Amino acid sequence: MVDPRTLPEDRSEAGFGDYKPALGPAQALAEANRCLYCADAPCVQKCPTGIDIPEFIRKISTGNLKGSARTILDANIFGMSCARVCPVEVLCVGACVYNEMDAPPIAIGRLQRYATDAALAGGWRYFEPGPDTGRSVGLVGGGPASLAAAHELRRRGHACTIYDAGKWLGGLNTTGVAPYKLRADDALAEVAYVLGIGGIAVESGVQVGRDVTWDALLARHDALFIGVGLGADRTLDIPGKELAGIDGAVAFIEKFKLGRVDLAGVERAVVVGGGNTAVDAVRELVGLGVPEVTMLYRGDEASMSGYEHEWKAAKVEGVRALWHTQPTAYLGRGGRVAGLRCVKLGADKRPLPGEVFEVPAELVLLAIGQARLGELVAGLDGVQLEGGRLVVDADGATGNPRVFAGGDCANGGKEVVNAVAEGKRAALAIDRALTTGASK
């Protein structure tokens, strides 16, 4: 389903505002005119999709907003969501030459949003399907990797069918991105825009292995692209795990983005983990009105994998952290979680004798990683797994000449922009294979 109007209007995410508000026309013009339009621009080199950043900014500065959006979307059809969710601080903005001049870097993400928001709102269409090739590609998974691949394949005239196990297309853009960055209705509007090229069939609620076999898909299509993302939240196998009030962070985020969550009686919440999902989760809990939010991590602040700029914002919002801490049991009261029993860890990650304490909480979210979905393709001829990931080359090719893959299932869990880049590269490789004689 891709119609934003079908989402519940009273979903919990609706109460969040923009973390980085949109630029107005005068602000965008002033910011665009600050750009130095570098040759061999370092910002472009840091963009996984290779957007010509100086070019799209120059077009904003000359009033050519339609041209600016086209430059962005030609390189990255998910330019609208990436403008909001990309960690620009460590990508394009982090590479801006102004950083070397002790001056504020260009607000590239906000300028990109300014142009792409206008394109989606105006329904500006730049791309059409290529001449029909008579070839067909099946894409398993309905997230940005598969959608970007399908859009690129349609530009080259190949028929596409997306098979997705869920109800909503868009992957984590729709179900998992923090709402202060991207709301589900905006994500679905972008999916509808991508599908607007025409000729991309969608079969939702279809799970490979349950509803259709790999052999059937290979018989139906000339090539396959696998972009299934990652699996369910990992759990902690410790006493008390059956108590109510314990949830995976990704599952919890999906619940409040697509519906409502009841936090009545939750005065204290703990998020276990130190990655970007954990940081998003603690900030979201604050935004949902939980008075006391704690991030509990077995390492220290310097070793956490969550982005520094995001964690800094969380601290400003009042989140506290317990470092070098490992849960050993859930504490319960009346069938619900009431806290965690924890042990302090030394620098070697081993428990310190006698350093046992309790952390009260009426809600515990686990952000300790997601299960790999690699087992989904076990038995698919020529497709190999390594550490739960699909083994692919730089073009997304697997050991089966008709099967390609990209996104989290192959890279282990990176950014939306990486998934888009990998989907597009795989689509170009599939096009080369199909146009040079590969067939069923």
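The values are calculated or read from the model by the stated rules, or taken from the named source; none is laboratory data. These figures come from a predicted structure and were not determined experimentally. Cβ: placed from backbone, ideal geometry, glycine included. Neighbour counts: every protein chain shown.
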Quick count over the stretch 97-114, residues being surrounded by 12 or more Cβ atoms within 10 Å (Cβ to Cβ) and either part of a helix (DSSP H, G or I) or in contact with a helix residue (DSSP H, G or I) (Cβ under 6 Å, 6 or more places away or on another chain) (or both), is 12
Considering every residue within the stretch 394-407, establish whether at least one is touching a helix residue (DSSP H, G or I) at 6+ places or on another chain (Cβ under 9 Å), farther than 23 Å from Gly209 by Cα and modelled with pLDDT of 95 or more.
yes
Do the conditions hold for Ser146, that is, is it touching a strand residue (DSSP E or B) at 6+ places or on another chain (Cβ under 6 Å), surrounded by fewer than 20 Cβ atoms within 10 Å (Cβ to Cβ) and closer than 27 Å to Arg402 by Cβ?
no
Looking only at residues in the stretch 13-67 that are among the aliphatic types (A, V, I, L, M) and within 18 Å of Ala95 (Cα to Cα), which one is nearest to the chain's Cα centre (by Cα)?
Ile51
Out of Arg154, Arg113, sole residue that is among the basic types (Lys, Arg) and over 18 Å from the mean Cα position of the chain (by Cα)
Arg154
Contacts under 7 angstrom Cβ, first residue in the stretch 252-277 being under 19 Å from Pro8 (Cβ atoms), partner among the small types (Gly, Ala, Ser) and not in a helix (DSSP H, G or I), 6 or more apart:
Ile253/Gly176; Glu254/Gly176; Leu263/Gly289
Are there any helices (runs of 4 or more DSSP H) wholly within the stretch 235-339 with 1 or more residues that are hydroxyl-bearing (Ser, Thr, Tyr) and surrounded by 15 or more Cβ atoms within 10 Å (Cβ to Cβ), and if so which?
276-287
Residues of the stretch 1-36 satisfying the condition of being in contact with a Ser or Thr (Cβ under 9 Å, 6 or more places away or on another chain) and loosely packed, with under 14 Cβ neighbours inside 10 Å:
Asn33
For the stretch 65-78, indicate whether the set of residues that are free of Cβ contacts under 8 Å to residues at least 60 places away in the same chain, closer than 19 Å to Leu120 by Cβ and among the acidic types (Asp, Glu) is non-empty.
yes
Do you know which of the residues in the stretch 47-76 that are β-branched (Val, Ile, Thr) and closer than 14 Å to Pro25 by Cβ is surrounded by the fewest Cβ atoms within 10 Å (Cβ to Cβ)?
Thr62
Condition met for Leu230 (surrounded by fewer than 19 Cβ atoms within 10 Å (Cβ to Cβ) and either touching a residue at least 40 places away in the same chain (Cβ under 8 Å) or within 18 Å of the chain's Cα centre (by Cα) (or both))
no
Hey, any hits in the stretch 118-134 for a residue that's modelled with pLDDT of 95 or more, crowded, with 24+ Cβ neighbours inside 10 Å and either part of a loop (DSSP other than H, G, I, E, B) or not β-branched (Val, Ile, Thr) (or both)?
no
Has the stretch 203-221 got at least one residue that is of a type outside the set (Val, Ile, Thr), touching a residue at least 24 places away in the same chain (Cβ under 8 Å) and in contact with a helix residue (DSSP H, G or I) (Cβ under 6 Å, 6 or more places away or on another chain)?
no
Can you spot a residue in the stretch 3-11 that is modelled with pLDDT of 95 or more and over 21 Å from the mean Cα position of the chain (by Cα)?
no
